[in-house]
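Have a look at the structure below, then the notes.
The values are calculated or read from the model by the stated rules, or taken from the named source; none is laboratory data. Remember, predicted model here, so these are calculated numbers, not experimental data. Cβ coordinates were reconstructed from backbone atoms using ideal geometry, including for glycine residues, and neighbour counts include every protein chain displayed. Only protein heavy atoms, including side chains, enter the accessible area calculation; ligands, DNA and RNA are left aside. Shrake-Rupley method; radii C 1.70, N 1.55, O 1.52, S 1.80 Å.
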Amino acid sequence: MSCLFCKIAAGEIPSNVIYEDDDVFAFHDISPQAPTHFLVIPKKHIESVMHSTAEEQELLGKLMAKIPEIAKKAGIDGTGVRVVSNSGADAGQSVFHLHFHVLSGRKFGWPPG
Ligand code: AMP
Ligand code: ZN
């Protein structure tokens, strides 16, 4: 297994874990772009949002539905949250295991750069 986030989800590479269950793993981003910046990933290896299929419907629904609980654990207070998933190199994806960035604690511009 050569995927960085598969290794993090398996506990083989240490991370600053916020939440974990059988399907979902959440940990603080190593290079935070906001006062709170964490990543939520499925433990199952899926390359990106653009590689998800009907087979992942339940898993990804669960992952999304967990974000409010995880955000609360991470101390996000409800003033505004940006949830982002980059898919493909032009979109800025650098780790090719599906992840949702969850950012909060400052104002964000729109459109994104
Ligand atoms: P992306 O560029 O959208 O694929 O996002 C990948 C994210 O993973 C970046 O925000 C990185 O800072 C973060 N990252 C890379 N390696 C680690 C790591 N070992 N632990 C936590 N976050 C990481
Ligand atoms: Zn992976």
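Scanning segment 48-59 for residues that are surrounded by 15 or more Cβ atoms within 10 Å (Cβ to Cβ) and either within 20 Å of ALA91 (Cα to Cα) or in contact with a Cys (Cβ under 7 Å, 6 or more places away or on another chain) (or both) gives SER48, VAL49, SER52. Which ones in segment 76-113 are out of contact with any Cys (no Cβ under 9 Å at 6 or more places or on another chain) and of a type in the set (A, V, I, L, M)? Listed by number, the residues that qualify are ILE76, VAL81, VAL83, VAL84, ALA89, ALA91, LEU98, VAL102, LEU103.
Here LYS62 fulfils each of the conditions (1) away from ligand 2 (no atom under 16 Å from the Cβ); (2) open to solvent by less than 60 Å² (accessible area, probe 1.4 Å); (3) touching a Pro at 6+ places or on another chain (Cβ under 9 Å); (4) without any contact (Cβ under 8 Å) to a residue 40 or more places away in the chain apart from (2). Comparison of PRO68, PRO14, PRO112 shows that the only residue that is open to solvent by 70 Å² or more (accessible area, probe 1.4 Å) and part of a helix (DSSP H, G or I) is PRO68.
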